[in-house]
Amino acid sequence: MIKKLLLSVCCCLTGTLLFAQIAIIPKPVKMVTHTGKFIFPKTISVSVPRHNEAQAVSTCLAKKLINAGYKVKLRPAAATASIKLILYTKADAVIGSEGYYLSSTAKGITIKATPSDGLFNGAQTLLQLLPPVIERDVKVKNVNLSVP
């Protein structure tokens, strides 16, 4: 019984520490953390819907990733991709026009939003989860990116 209690306390503290280490502005309404991370492959595929906002967001992400030494392939609404940008066709009452859902698993990253600023905001949050080198305007080498 004591071993189970100690294990539960350690797991809770680890989750709390991980949440404290993730500094995102603005603070998310809700964030659930799990163990593991998505490790970026050297060639990143980005699934992009045919929408002006999605095109602009994917271009910005691609530029940042290319400067970090990665190859980026933009694919129109692909079923499989390292990063999926998804736009809802109708408003989502929970997230509104500027909100988004960001999910990171060992298999990839998904950002879902309604057309407006949500997709851009989700991409900015993704960039905040990466090391500061992602913001450099010049190419760098040997950067290993991952997202918790």
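Summary table
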| item | result |
| --- | --- |
| Per residue accessible area of the chain, 1.4 Å probe, in Å² | 65 |
| Around K107: net Lys/Arg minus Asp/Glu count, Cβ-Cβ under 13 Å | +2 |
| Tensor-based shape of the chain (alpha-carbon gyration tensor, a/c under 1.5 rounded, otherwise prolate or oblate) | oblate |
| Rel. contact order, % - alpha carbon contacts under 8 angstrom, at least six apart, segment 58-148 | 31 |
| Difference of contour (0.36 nm per residue) and Cα-Cα distance, T33 to A78 | 13.5 nm |
| Label zone at S116, where the point sits 7 Å out along the Cα-to-Cβ direction: segment 67-96 residues whose backbone N lies under 20 Å | 85-96 |
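The values are calculated or read from the model by the stated rules, or taken from the named source; none is laboratory data. Given the structure is predicted, the values throughout are model-derived calculations rather than measurements. Reconstructed Cβ throughout: ideal geometry from the backbone, glycine too, with neighbour counts over all protein chains shown. Protein only, heavy atoms only, side chains kept; ligands, DNA and RNA dropped before computing areas. Shrake-Rupley method; radii C 1.70, N 1.55, O 1.52, S 1.80 Å.
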